[in-house]
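The values are calculated or read from the model by the stated rules, or taken from the named source; none is laboratory data. On a predicted model such as this, the values are computed, not experimentally measured, just so you know. FYI the Cβ positions are ideal-geometry reconstructions off the backbone, even for glycines, and counts take in every protein chain you see.
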Amino acid sequence: MSRPSARHEGPAPLEWIESAVQLLRTAPPGALLCYYIGSVPCLLGLLYFWTDMSRGAFAAGHLVESSLSVAALYIWMKCWQTVFLSKLRAQLLLEPEAPWTGGRIVRMAVVQAALQPIGLFLRLLAAQVLIPYIWMYTLFLGIAILGDGTEPGLGATVRAAWREATLWWRQTHLALLCLFGFALFILFNVIVVCALLPFAARTLLGIESPFTRNVWVMFNSTFFAATLAVTYLCFDPLRKAVFLVRHFHGVSLQSGEDLRVGLKALRRPSRVAAAALILFATLGAGPLLPVRAAEPPPPAHVEPPQLDDALNRVLERREYAWRLPREAEAETEHKGWVATFFEKLGRTIMSWVRKAQKLAEKFGDWLHRLFFPDKSDSPEASSGLDWGTMARWVLVILALTVCVALGVLLWRSRKNIRGVGVSPAVATLPDLNQESVTADQLPEDGWLQLARDLMDGGELRLALRAFYLATLAHLGSRELIRLARHKSNHDYDRELQRRARGKAGLLDAFDENLLTFERAWYGEHDVTPDTLDGFSQNLERIRAC
């Protein structure tokens, strides 16, 4: 299949779904664990926010902090979903996952916190029109795939995700339609199971509940929100795996990654997962023991005033606030929701300031009691020498001395590290006589300057190799090749033929320079100034294409 037809036609959507199912089946258990660590708290917090804001009597008083909490949980979920996709991607590429260093975690959190909240609103707007929704959803899912801390910044992540989002819109619609039908099937099963659970508990365990007395009590907004959340947890990992497979095929159009993974899979021994067999072998269903209800204790006698006070205290709790009427809504209606939001935000910030002030006061009181105790009741107050106070001041002086010494040592060590980190980078140059030298050890300008210095010193053969490494560095900066230590010159040539198709001038100039370099470096041909001039002219042609 030619490249234009592969770009527009692509694999079949059912192949994506089949590959995604196989990927989830062979994925390590830690991948799904990471997904549910992020998604379950977010959905539980969203359900609590839904019920509290719709029924709670004191909902308006804590609207701001609840909204901020839900936003933080959403970013938490997106970060853990990125970790989940990173593990699946490593499994798909048949290579170990990159280590999660501190810098990578910070970069990943910054990218997801900066872009994913924007995607939430853009997807809601794009849902009004079908095709832009696919592009928006694929774009921000690509950001979740690529924004795992390995890309250099926000711009590179967005550009790479947008290149993949515009591929195969027809196949993407068909795949999403198939997944939507599967999600409806899961939703129907979840609703049926949740509706039958109270009746099963009554039949098997004798537990009577309001749902068994009146089945229509169950069908409310909270019930449907909970069933949608359970459906999301069951369905969303498969949807993300499908779009990860789609992203993999899209990237392979440029890099040929699918060929490399296919060759690696031929050399990799097959591994049969036995988790399901172990699970069914170890779990045993024992007979249900008959449960005998305990005899209720005799009722205690409580006076009516005490009972009223106890009921009032219980009903004032937050978990029972949904039963009380709302009294603060009239003030919100005539002020407007914007003014009310900023007013509540100000009150929330002031409450945080007051709490911080109280903590500072408590810390100050503790320090005052530590160093200036009340000696009015002490039997040693009349004596002239207070050994306890002297010991405290000696400890304070020692602690301050240790802190100052540690600060000086840290400052000196940081200064030494800076000096050591700069000097080798300036003084050390690659030894071109070594075959282990690669083009990514210096930038293009560095290789060109080294080539000119070698020409001035009469080392024409080494200067030719420096010019060739400058050519590779230039092509690598334009992402026409990927620099790697294990690649040969002909590997670079084949990769350039694939990625620079249509640029005949660039390919001819590179092939001519490659032939000249290999004749001189491996064939012991003489290198003359005319040879270097021709090589430099071809390099300028490559840079101009």
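In region 132-160, which residues are exposed (fewer than 12 other Cβ atoms within 10 Å of the Cβ) and at pLDDT below 75?
P152, G153
Going by the conditions given, is L515 farther than 18 Å from L454 by Cβ, in the same structural domain as L472 (by TED's automatic domain parsing) and modelled with pLDDT of 85 or more?
So L515 fits the description; yes.
For F199, are the conditions met, namely being more than 28 Å from L179 (Cα to Cα) and assigned to a helix (DSSP H, G or I)?
Criteria met by F199.
If you check S67 against the conditions, is it under 22 Å from A113 (Cα atoms), of a type in the set (S, T, Y) and either surrounded by 14 or more Cβ atoms within 10 Å (Cβ to Cβ) or touching a helix residue (DSSP H, G or I) at 6+ places or on another chain (Cβ under 9 Å) (or both)? Let's see the steps before the verdict.
Working: under 22 Å from A113 (Cα atoms): yes; of a type in the set (S, T, Y): yes; either surrounded by 14 or more Cβ atoms within 10 Å (Cβ to Cβ) or touching a helix residue (DSSP H, G or I) at 6+ places or on another chain (Cβ under 9 Å) (or both): yes.
Considered against the rule, which asks whether it is under 22 Å from A113 (Cα atoms), of a type in the set (S, T, Y) and either surrounded by 14 or more Cβ atoms within 10 Å (Cβ to Cβ) or touching a helix residue (DSSP H, G or I) at 6+ places or on another chain (Cβ under 9 Å) (or both), S67 comes out as yes.
Name every residue in region 484-504 that is surrounded by 14 or more Cβ atoms within 10 Å (Cβ to Cβ) and among the hydroxyl-bearing types (S, T, Y), in order of residue number.
Y492 - this is the single residue of region 484-504 that is surrounded by 14 or more Cβ atoms within 10 Å (Cβ to Cβ) and among the hydroxyl-bearing types (S, T, Y).
Determine, yes or no, whether N513 is crowded, with 18+ Cβ neighbours inside 10 Å and under 22 Å from L532 (Cα atoms).
Considered against the rule, which asks whether it is crowded, with 18+ Cβ neighbours inside 10 Å and under 22 Å from L532 (Cα atoms), N513 comes out as yes.
Counting just the residues of region 207-225 that are assigned to a helix (DSSP H, G or I) and out of contact with any helix residue (DSSP H, G or I) (no Cβ under 6 Å at 6 or more places or on another chain), which one comes out nearest to T166 (Cα to Cα)?
F224
Could you pull out the residue among L464, L507, L442 that is surrounded by 13 or more Cβ atoms within 10 Å (Cβ to Cβ) and farther than 16 Å from N538 by Cα?
One residue alone meets the criteria, L442.
List, please: which pairs have Cβ atoms under 6 Å, are six or more places apart or on different chains, and start with a residue in region 118-140 that is over 13 Å from A161 (Cβ atoms) and end with one that is at pLDDT below 75 and outside any helix (DSSP H, G or I)?
Hits for this filter: Y133/A127.
Quickly run through region 509-542 and pick out the residues that are without any contact (Cβ under 8 Å) to a residue 24 or more places away in the chain, touching a Lys or Arg at 6+ places or on another chain (Cβ under 9 Å) and farther than 21 Å from G457 by Cβ.
Matches in region 509-542: none.
Which one is nearest to the chain's Cα centre (by Cα) among residues in region 143-176 that are outside any helix (DSSP H, G or I) and charged (D, E, K, R)? Please lay out each step first, then the result.
Of the residues in region 143-176, the ones outside any helix (DSSP H, G or I) are 147-153, 166-168.
Then drop every residue that is not charged (D, E, K, R), which leaves 148, 151.
Details: D148: 5, E151: 12 Å.
My answer is D148.
Which residues, taken from region 1-54, are small (G, A, S) and either modelled with pLDDT of 80 or more or touching a Cys at 6+ places or on another chain (Cβ under 7 Å) (or both)?
If the condition is that a residue be small (G, A, S) and either modelled with pLDDT of 80 or more or touching a Cys at 6+ places or on another chain (Cβ under 7 Å) (or both), then S19, A20, A27, G30, A31, G38, S39, G45 are the ones that fit.
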